[in-house]
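Undergrad: Sharing a structure with you now.
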Amino acid sequence: MAKTAQQPVLVIMGVSGSGKSTVAGVLAGRLGWDLAEGDDLHPEANVAKMQAGQPLSDEDRRPWLETIAAWIRSHADPGTPAIITCSALKKRYRDILRGEGVVFVFLQGSKDKISDRLASRHGHFMPASLLESQFEALEAPTEDENYISLCVSASPAEEAEEVIKRLGL
């Protein structure tokens with residue numbers, strides 16, 4: 001169960017196409033919190049690799065995760081509430097990101113549901129062909145992590161409202 005003594009920094013996580021950016025945008029708008037799109041923090045080499053249909057290695061992801069962690073700390077340390085999107089598929093990635101005041105919001109759904117969402121998305125560098133590798137890499141959060149999970153069956157506005165309700169924001 002998610003808990004934090006201060007205003008949290010929410011990390012909206014899940015596979016590509018789960019609705020991270022949309023839900024994060026709705027939340028930021030409703031709460032008036034700072035928002036960062038984790039995908040915008042990828043080094044150019046990572047973007048080029050994904051555009052070419054190649055999954056990123058852990059070595060590729062490390063500098064990106066460290067940049068996201070620095071953004072999180074710049075908000076969590078002074079207690080400034082904020083929201084950032086990041087796939088955060090593996091526990092070891094979340095270990096780089098987590099800390100006091102950080103709550104992971106895991107958007108989960110079936111491969112079919114998310115594949116349908118990806119098929120209708122335009123203008124993103126992550127091709128639908130990499131979805132399988134994302135599901136293979138996905139390690140759902142465990143009891144020792146500060147998180148809540150939501151099924152992606154509702155509208156983004158309803159999902160955001162559920163986050164607000166469950167975290168008492």
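Undergrad: Name the helices (runs of 4 or more DSSP H) wholly within the stretch 11-125 that hold at least 2 residues that are buried (at least 21 other Cβ atoms within 10 Å of the Cβ)?
TA: Numbers: elements: 20-31, 44-51, 58-76, 91-97, 111-119.
Counting at least 2 such residues, we get 20-31, 58-76, 91-97.
Undergrad: Can you name the number of the only condition in (1) of a type in the set (Gly, Ala, Ser); (2) in contact (Cβ under 8 Å) with a residue 40 or more places away in the chain; (3) out of contact with any Cys (no Cβ under 6 Å at 6 or more places or on another chain) that Ala70 fails?
TA: Unmet condition: (2).
Undergrad: Further question: Please enumerate the residues belonging to the stretch 126-150 that are at pLDDT 90 or above, surrounded by 14 or more Cβ atoms within 10 Å (Cβ to Cβ) and either part of a loop (DSSP other than H, G, I, E, B) or not aromatic (Phe, Trp, Tyr) (or both).
TA: Leu138, Pro141, Glu145, Asn146, Ile148, Ser149, Leu150
Undergrad: Identify all residues within the stretch 151-167 that are part of a helix (DSSP H, G or I) and among the hydrophobic types (A, V, I, L, M, F, W, C); write none if there are none. Before the answer, list the steps.
TA: Applying the first criterion (part of a helix (DSSP H, G or I)) to the stretch 151-167 yields 156-167.
Those that are part of a helix (DSSP H, G or I) and among the hydrophobic types (A, V, I, L, M, F, W, C): Ala157, Ala160, Val163, Ile164, Leu167.
Undergrad: Moving on to the next point. Find the residue count for the stretch 30-42, including only residues that are free of Cβ contacts under 8 Å to residues at least 60 places away in the same chain and within 17 Å of the chain's Cα centre (by Cα). First the steps, then the outcome.
TA: Of all residues in the stretch 30-42, those free of Cβ contacts under 8 Å to residues at least 60 places away in the same chain come to 32-38, 40-42.
Then keep just the ones that are within 17 Å of the chain's Cα centre (by Cα); that gives 33-38, 40-42.
Summing the residues that are free of Cβ contacts under 8 Å to residues at least 60 places away in the same chain and within 17 Å of the chain's Cα centre (by Cα) in the stretch 30-42 gives 9.
Undergrad: Looking at this structure, is Ala28 among the small types (Gly, Ala, Ser), in contact with a Leu (Cβ under 6 Å, 6 or more places away or on another chain) and either under 13 Å from Leu10 (Cβ atoms) or modelled with pLDDT under 95 (or both)?
TA: Working: among the small types (Gly, Ala, Ser): yes; in contact with a Leu (Cβ under 6 Å, 6 or more places away or on another chain): yes; either under 13 Å from Leu10 (Cβ atoms) or modelled with pLDDT under 95 (or both): yes.
Considered against the rule, which asks whether it is among the small types (Gly, Ala, Ser), in contact with a Leu (Cβ under 6 Å, 6 or more places away or on another chain) and either under 13 Å from Leu10 (Cβ atoms) or modelled with pLDDT under 95 (or both), Ala28 comes out as yes.
Undergrad: Does any residue in the stretch 1-29 that is of a type in the set (Phe, Trp, Tyr) come within less than 8 Å, Cβ to Cβ, of a residue that is modelled with pLDDT of 95 or more six or more places away or on a different chain, and which pairs are these?
TA: none
The values are calculated or read from the model by the stated rules, or taken from the named source; none is laboratory data. Predicted model only: the values in this text are computed from it and were never measured. Neighbour counts run over all protein chains shown; Cβ positions are idealised from the backbone, glycine included.
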